[in-house]
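Heads up: the structure comes next, in structure tokens.
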Amino acid sequence: MKNRVYSITVLFLIILSGIIFTSMTATSEWILYKQVQGVQFYYQEVSCDDPTNGLYQNQIRFKIINTTDFDLQINYKTQKWYDNQCSNCNDTSPEHFTSFELKAKSEIIGNCSNNQFQIFASFKDKPNVPKLTKFEIVDIIIKPILIHE
């Protein structure tokens with residue numbers, strides 16, 4: 001009897017860990033979106049669930065790779081279309097712009113808790129909320145960081 005309870009408990013924990021792992025794994029492969037001046041912009045759709053707060057959503061996560069031998073200052077704007085309507089194309093507020101430094105031969109990857117390198121795509125459990133239908137990375141400015149000695 002104890003072995004059976006132990007087996008059921010282990011099986012339950014394995015299934016539970018699989019469910020938790022699934023909610024944090026990617027739902028698609030990385031896709032090269034654009035390459036500009038030695039910087040590669042990739043995207044991927046991921047599941048970003050937060051059951052504690054009742055949030056079940058998909059996000060578009062970015063991976064940005066600096067393939068150059070220089071540290072870079074990277075700036076861009078992300079334009080987003082929800083249900084085929086651009087929500088921020090004419091908006092100049094800072095929240096739509098991203099600015100950061102990226103070391104030579106390095107990369108940065110967005111995650112579910114960092115809004116800087118990901119965008120909301122859709123709620124899984126709310127079909128009437130507008131869904132992301134398109135995005136564009138525009139106004140890209142890439143400058144090497146000069147070190148003055």
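Beyond 21 Å in Cα-Cα separation lie the following of the pairs 34/131; 63/124; 34/126; 63/143; 80/105; 34/124: 34/131; 63/124; 34/126; 80/105; 34/124. For residue 106, the shell of other residues with beta-carbons less than 13 Å away shows a net charge of -1, using +1 for Lys and Arg and -1 for Asp and Glu. Close amide H pairs (under 5 Å, H built 1.01 Å from N) link residue 131 with 83, residues at least 5 positions away or on another chain. Neighbour counting of Cβ atoms within 10 Å sorts the residues 86, 48, fewest neighbours leading, into 86, 48.
Each reported figure results from applying straightforward, stated rules to the coordinates on display, with no laboratory input. Bear in mind the structure is a predicted one, so any value in this text is a computation, not a measurement. In this analysis, Cβ positions are derived from the backbone assuming ideal geometry, glycine residues included, and neighbour counts consider all displayed protein chains.
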